[in-house]
Amino acid sequence: MLVKTRYLIEGCILSREIRGLSERPIMNEKTVLTKELIEALQAFLITEVSVDRTLIDGKKFLPKEVIDPELDEMEESSDFTDLYLKSVQTYKRLFKNWQAGSKVEVAMIRLIVLPLVDKALEEASNILMLHHYCKKEDYLFHHAISIGLIGAYIASKMKCSRADVYQVAIGGCLADCGMAKLPPRLLTKTESLTVEDYEEIHNHPIFSYKMIKDSSIIKDSVKTAILEHHGRLDGTGYPKSLKTKPMNLFSKIIAVADVFHAMTSERTYRKKQSPFKVLEMILHDDFGKFDIEVVKTLLSSFANFSIGSRVKLNNGFIAEIIFIDASSQTRPVIKIQDSDHIINLGINRELYIEEIL
């Protein structure tokens with residue numbers, strides 16, 4: 001649980017390491033706090049830390065104040081879905097604070113997303129079903145947490161270090177924080193956006209970057225990714241003011257995570273599409289816009305978890321995925337429910353998977 005440093009007592013056990021401006025931690029996870037260590041934390045001007053509920057002597061730690069009860073509940077949760085939904089609601093509350101003028105507390109985002117990343121990587125199939133949880137009314141908040149998780153998963157599969165996986169997660173969650181600086185009417189609009197609306201929305205990566213650029217928690221390459229996550233490899237995308245230069249790996253990962261979740265989620269002005277259809281569109285219709293290795297990493301992972309899944313086709317039929325050809329991963333072989341009819345979607349191009357059930 002997260003508590004103010006002034007409420008710590010001897011025997012408290014750190015549940016997360018404490019970092020300052022240097023790469024090395026000031027104190028490691030599971031450090032047992034003494035009077036001297038507590039004084040050291042105060043000397044470093046550290047105002048809050050995360051500690052276990054139990055003291056070293058086995059007694060319960062009952063601080064006078066828990067900083068964030070929602071985060072406290074999240075630490076106790078063992079169910080991914082429950083943890084994810086609580087993270088979304090906590091992010092929603094933070095976003096409203098940003099709309100009111102509060103600064104982005106990157107440390108708080110880190111506390112929200114890192115336990116969720118750890119849990120998600122243990123049960124990776126959950127990450128690929130995030131679009132099921134998204135409600136269009138709260139799309140923006142689901143989208144932020146989901147970009148972080150999908151991006152972290154891709155980074156992990158691409159053999160990035162765990163530290164960089166965490167960085168991608170934080171960057172993904174904060175990529176759209178600049179939306180808080182847009183007129184609220186744009187965030188709640190139910191009809192199609194106008195050209196003028198899009199012009200305003202295209203400023204949000206710049207706002208996001210300005211809101212986090214002074215953070216010592218985020219690497220410079222991730223800050224760049226936040227600024228250019230709507231940029232494309234072929235020079236399209238936005239903001240247009242960006243200089244022409246190669247996108248770094250974090251930018252490429254967050255860009256794919258962003259568009260994948262956006263297109264597979266229900267929006268107030270647009271229906272969601274199936275992950276298979278979206279990945280096919282990214283691979284073919286948007287060829288040259290996204291890094292092919294990043295897209296293939298996500299596609300391959302999605303395919304591995306999809307065997308045996310029930311799906312709905314665009315003709316209304318319900319089927320089960322029974323085989324996925326490595327050369328045509330977006331168009332698997334399916335078996336129609338309650339029949340022996342098998343269809344290879346790679347050959348029957350007029351059919352496609354509309355939804356994973």
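A short reminder: the numbers here are calculations on the coordinates, not readings from a lab. Just so we're clear, the structure is a prediction, and the values are computed from it rather than from any experiment. A quick note on method: Cβ atoms are made from the backbone with ideal geometry, for glycine too, and the neighbour counts reach across all protein chains shown.
Worth pointing out:
- Prolate/oblate/rounded label for region 69-272 (Cα gyration tensor, a/c 1.5): rounded
- Filtered trypsin sites (Lys or Arg not before Pro), region 132-181: DSSP coil and at most 10 other beta carbons within 10 Å: 159
- Between residue 10 and residue 161, residue separation times 0.36 nm minus the direct Cα-Cα distance comes to 50.9 nm.
- Using a Förster distance of 41 Å, the FRET efficiency for residue 270-residue 35 (Cβ separation, nearest 0.05): 0.10
- Taking a straight line from the alpha carbon of residue 272, these lysines sit under 18 Å away, with near neighbours fewer than eight places off in the same chain left out: 135, 136, 189, 312.
- Here the spin labels are modelled as points 7 Å beyond Cα on the Cα-Cβ line, and at residue 287 and residue 315 they lie 2.7 nm apart.
- Measuring against 32 Å, Cα to Cα, the residue pairs 181/271; 59/96; 96/271 contain 59/96 as the ones spanning a longer distance.
- Rounded FRET efficiency, nearest 0.05, which uses the C-beta distance separating residue 124 from residue 327 and R0 of 30 Å: 0.80
- Shape category assigned to region 304-356 from the gyration tensor of Cα positions, a/c cut at 1.5: rounded
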